[in-house]
Amino acid sequence: MVLTMLMFKKNQSNQHGSAGFTLIELLITTALSLVLVGGALASYNQFNTQQGHIQSSKQVISNVERAKARAQSGDKPVECSTLDGYRVITNANSTLYVVSAVCNGGSLETASKQFNLSNNYRFGTSIAAVFPVRPASVASTDQIIDIVRVDNSRRYRFVIKINGTIEDQGLVD
């Protein structure tokens, strides 16, 4: 009889005050957590894509700056008797760009080096610039160079000014 009374008291206490969570509370908490994690993953993926775009574009700028520095320092290849400058050239919608030495009054182009953009990137505009040995115009007008991601409308832009200055404008819409 005493045992039956204790069991009855124990069952009564469980009915009045539950120490756990209901199924609905657990489902709502889980759903909210999944929404937050999903948002964080989407932001992380967007950040990674943006950083890849920036890194790819900075590599192009670095190679253009290197061509400019080599021209200004007079770093001439063995095949050149006189160095005129270094040319950087590409076409719009291309992933390939070429840096080469221009020698002997423009009659010889040598020491060409080809570079490729990272996967999923291409040039939105063309480049045709020759960095001369002595300070002079690089092109007839400022050249705006856009590097675009194939599946995205964002562009990374830099400008080669007429005087050879390279201006990094970063990501633009």
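The values are calculated or read from the model by the stated rules, or taken from the named source; none is laboratory data. Here the structure is a predicted model, which is why all the values come from computation and not from measurement. Don't worry about glycine lacking a Cβ; one is built from the backbone with ideal geometry, like all the others, and counts go over all protein chains shown. Accessible surface is based on the protein model in full, side chains and every heavy atom, while ligands, DNA and RNA are left aside. Shrake-Rupley method; radii C 1.70, N 1.55, O 1.52, S 1.80 Å.
How much accessible area per residue does the chain have, counting only protein heavy atoms and a probe of 1.4 Å, in square angstrom?
Counting only protein heavy atoms, the per-residue value for the chain is 65 Å².
Nearest 10 degrees is fine. How inclined is helix 23-73 to the longest principal axis of the chain, computing both from alpha carbons?
10
What is the local net charge at ALA129, summed over the other residues whose Cβ is closer than 11 Å to its Cβ (Lys, Arg +1; Asp, Glu -1)?
That sum, taken over residues with Cβ under 11 Å, equals +2.
Convert each backbone phi in region 160-173 into a coupling constant with the Karplus relation 6.51 cos²θ - 1.76 cosθ + 1.60 (shift: θ = phi - 60°), then list the ³J(HN,Hα) values in order as whole Hz, x for Gly and Pro.
Coupling constants for region 160-173: 9, 6, 4, 7, x, 5, 9, 10, 8, 9, x, 6, 10, 8 Hz.
Looking at SER73, LEU171, ILE127, which one has the Cα that reaches farthest to the positive end of the dipole of the chain (charges on Cβ: Lys, Arg +1; Asp, Glu -1)?
LEU171
Set the Förster distance to 30 Å, then compute FRET efficiency between SER81 and THR165 from the Cβ-Cβ distance, nearest 0.05.
0.55
Under a Cβ-only charge scheme (Lys and Arg +1, Asp and Glu -1), can you give me the dipole magnitude of the chain about the Cα centre, in debye to the nearest 20?
Computed about the Cα centre, the dipole is about 340 debye.
State whether region 74-143 is rounded, prolate or oblate according to the following rule on the C-alpha gyration tensor (a ≥ b ≥ c being the square roots of its eigenvalues): a/c under 1.5 gives rounded; otherwise a/b larger than b/c gives prolate, and the remaining case gives oblate.
It is oblate, given that a/c is not under 1.5 and a/b is not larger than b/c.
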